[in-house]
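Visitor: So that we are looking at the same thing, I have put the structure below in C-alpha cells.
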Amino acid sequence: MKRSIGVILMVAVFLFTSAGLAAAGSHEEDVQTFVIGLSWNEMMHSLIQAWEDYMIMYGEEYGAEHGMEFEWVITVADSDPSQQATNIENLIFQGVDIIIARAHDAAAIGASVRAAREAGIPFVTFDRESSTETPDAHVGADSFTQAVTTGEYFAELLQEHGVEGKVIEVMGDLRDMNAVYRSQGWAKVEEETGAWETIVQVPTEWDPEKFYTGVKNALQAHPEANAMFIASDFAFSAVEAALAEAGRLAPTGDPDHIWIAAQDVNPQGYEAMLQGYIDVATTYDAYFHAVEAIEVMARLLQGEDLEGQSFLVPGRVATPYNIEDMEYVWARDYED
C-alpha cells in the first residue's frame, strides 16, 4: 500500500480470543487494551518494514502472555521533520497511550517529546536518539559494541592467516552517532590488538556515490591496502564496483581478496557475505530491536519510570559460515 504524507496508514488491531486467554490462565475481562502511536520518519528501506512487522508480531505474542492487547496507529512522514511533528501532534490529539518514533531529525524530535510529556503520554525514541530532549526511554542498536565484536573477530581472522592488516576505513555520516560509535569501537579494537593499522579514513555521509568514489580513490592512493572496515554494508554494491575496477573484488581464498569487516548485514551485505566478499559483520537485528521496543513500552504502559534509559541491542557476529543458519535475519526475508 502506498503511504502518503500526513495520512494514517494503518490501524492494526490484534484481539485475542477468550479461549486463547483461558489457555494462558487469563480471562477476557482481565485484558488491558493500549493504543500505540508509531511514527516513522520514512518507509524507503525494507528494514523499516521489517521493524514494523516484527513489532506487531511480537506485540501479539507478548500481549497474549501478559494479558495485554495492542492497537497500532501508524504514520509516515516521508522524510519531512515538520510532517513528522504534525503526525505526532495528531497522535497526541487522538489520545494514544504511548508514542514510539524513529526521528528524521534528532534535534527536531525533542519538541515532540516535550509535547507528549505535557499531554501525559510516554514517549520512546527508536533507532535514532533525540539530541535535544530526553524521552522516557530509547531503544536501538548498540553501535559501539557492534564494531567491537566485529573488530575482535576480524583481529583473530587476520592473525590466524598471518595478515598484517592495512585498513581502509569507510566511515558513515559523522552527524549520525551510530557512525561515530562504530568508528570509535573499531579504533578501540585496533589499539588493543594491533592486528591492523587504519591507513586512511573515507567519509561518505551515507551517500552510496561517496562509497564508490571514496573507495576507488583510497585504493589508488594506497595500493598496499589489504583490508577494509565498512561502517554499513547497505551500499556495498558501490564498494564492489570500486573493488572490481581495481581488480580487487575476489572472495576469501583468492590471492586478490581484500579482507572485509562490515556492519549491519543489509540485503547487499548479506549477498556479499554469501559470495565470500565480506568476512565478518555484526547484525543490525531488526527482530530483537522490535522485541526490546515492545517490552520497554509494556513497562512504561504499566506505570514504570524508566528514567530515560537506553535499551540497546548489540547484534550477532555473522560470517559466511553461520549466516544461513541464523534466525531472524531480516535481510534474508525482506527485499529492498
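Visitor: Go through region 207-235 and give me each residue that's part of a loop (DSSP other than H, G, I, E, B) and either crowded, with 19+ Cβ neighbours inside 10 Å or more than 18 Å from the chain's Cα centre (by Cα) (or both).
Guide: Within region 207-235, His222, Pro223, Glu224, Ala225, Asn226, Ala231, Ser232 meet the criteria.
Visitor: Among the numbered conditions (1) over 13 Å from the mean Cα position of the chain (by Cα); (2) not in a helix (DSSP H, G or I), tell me where Gly140 comes up short.
Guide: Single failed check for Gly140: (1).
Visitor: What residue, of Ile92, Ile121, Ile88, is modelled with pLDDT of 95 or more and surrounded by 21 or more Cβ atoms within 10 Å (Cβ to Cβ)?
Guide: Checking each option against the conditions leaves just Ile88.
Visitor: Kindly establish whether Gln263 is under 27 Å from Pro314 (Cβ atoms), touching a Phe, Trp or Tyr at 6+ places or on another chain (Cβ under 9 Å) and surrounded by fewer than 16 Cβ atoms within 10 Å (Cβ to Cβ). Give the derivation first.
Guide: Values: under 27 Å from Pro314 (Cβ atoms): yes; touching a Phe, Trp or Tyr at 6+ places or on another chain (Cβ under 9 Å): yes; surrounded by fewer than 16 Cβ atoms within 10 Å (Cβ to Cβ): no.
No: the conditions fail for Gln263.
Visitor: Counting just the residues of region 101-114 that are touching a residue at least 24 places away in the same chain (Cβ under 8 Å) and either on the phi > 0 side of the Ramachandran plot or out of contact with any helix residue (DSSP H, G or I) (no Cβ under 6 Å at 6 or more places or on another chain) (or both), which one comes out surrounded by the fewest Cβ atoms within 10 Å (Cβ to Cβ)?
Guide: Ala107
Visitor: Considering region 70-85 alone, what residues qualify as being of a type in the set (A, V, I, L, M, F, W, C) and surrounded by fewer than 23 Cβ atoms within 10 Å (Cβ to Cβ)?
Guide: Correct list: Trp72, Val73, Ile74, Ala85.
Visitor: Scan region 174-194 and give yes if some residue there is of a type in the set (Lys, Arg), at pLDDT below 95 and surrounded by fewer than 22 Cβ atoms within 10 Å (Cβ to Cβ), otherwise no.
Guide: Yes, the conditions are met somewhere in region 174-194.
Visitor: Could you tell me whether Ala147 is modelled with pLDDT under 95 and not in a loop (DSSP other than H, G, I, E, B)?
Guide: Judged against the criteria, Ala147 is not a match.
Visitor: Do we find a residue being modelled with pLDDT under 95 and either loosely packed, with under 15 Cβ neighbours inside 10 Å or part of a loop (DSSP other than H, G, I, E, B) (or both) anywhere in region 46-54?
Guide: Within region 46-54 (the criterion being modelled with pLDDT under 95 and either loosely packed, with under 15 Cβ neighbours inside 10 Å or part of a loop (DSSP other than H, G, I, E, B) (or both)), the answer is no, since none of the residues qualifies.
Visitor: Continuing with this model, one more query. Pick out the one residue from Thr75, Thr125 that is touching a His at 6+ places or on another chain (Cβ under 7 Å) and assigned to a strand (DSSP E or B).
Guide: That would be Thr125, the only listed residue that is touching a His at 6+ places or on another chain (Cβ under 7 Å) and assigned to a strand (DSSP E or B).
Visitor: Here is a follow-up. Residue check: is Gln159 at pLDDT 95 or above, closer than 22 Å to His289 by Cα and either part of a helix (DSSP H, G or I) or under 20 Å from the mean Cα position of the chain (by Cα) (or both)?
Guide: no
Visitor: Right, another one. Could you run through region 181-204 and say how many residues are in contact with a Lys or Arg (Cβ under 8 Å, 6 or more places away or on another chain) and among the acidic types (Asp, Glu)?
Guide: So the answer is 1.
Yes/no per residue for (1) in a helix (DSSP H, G or I); (2) within 24 Å of Glu60 (Cα to Cα):
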{"position": "Met273", "(1), (2)": "yes, no"}
{"position": "Gly276", "(1), (2)": "no, no"}
{"position": "Tyr287", "(1), (2)": "yes, yes"}
{"position": "Ala290", "(1), (2)": "yes, yes"}
{"position": "Glu295", "(1), (2)": "yes, yes"}
{"position": "Glu307", "(1), (2)": "no, no"}
{"position": "Phe311", "(1), (2)": "no, yes"}
{"position": "Tyr321", "(1), (2)": "no, no"}
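Visitor: Taking Val167 and the conditions (1) over 16 Å from the mean Cα position of the chain (by Cα); (2) farther than 17 Å from Thr282 by Cβ; (3) not in a helix (DSSP H, G or I), which numbered condition does it fall short on, given that it satisfies the others?
Guide: Going through (1) over 16 Å from the mean Cα position of the chain (by Cα); (2) farther than 17 Å from Thr282 by Cβ; (3) not in a helix (DSSP H, G or I) one by one, Val167 breaks only (2).
Visitor: Which one of these is of a type in the set (D, E, K, R) and at pLDDT below 95: Glu327, Glu292?
Guide: Glu327
The values are calculated or read from the model by the stated rules, or taken from the named source; none is laboratory data. Computed from a predicted model, the values in this text were never measured in an experiment. Quick reminder, even Gly has a Cβ in these numbers, built from the backbone with ideal geometry, and neighbours come from all protein chains shown.
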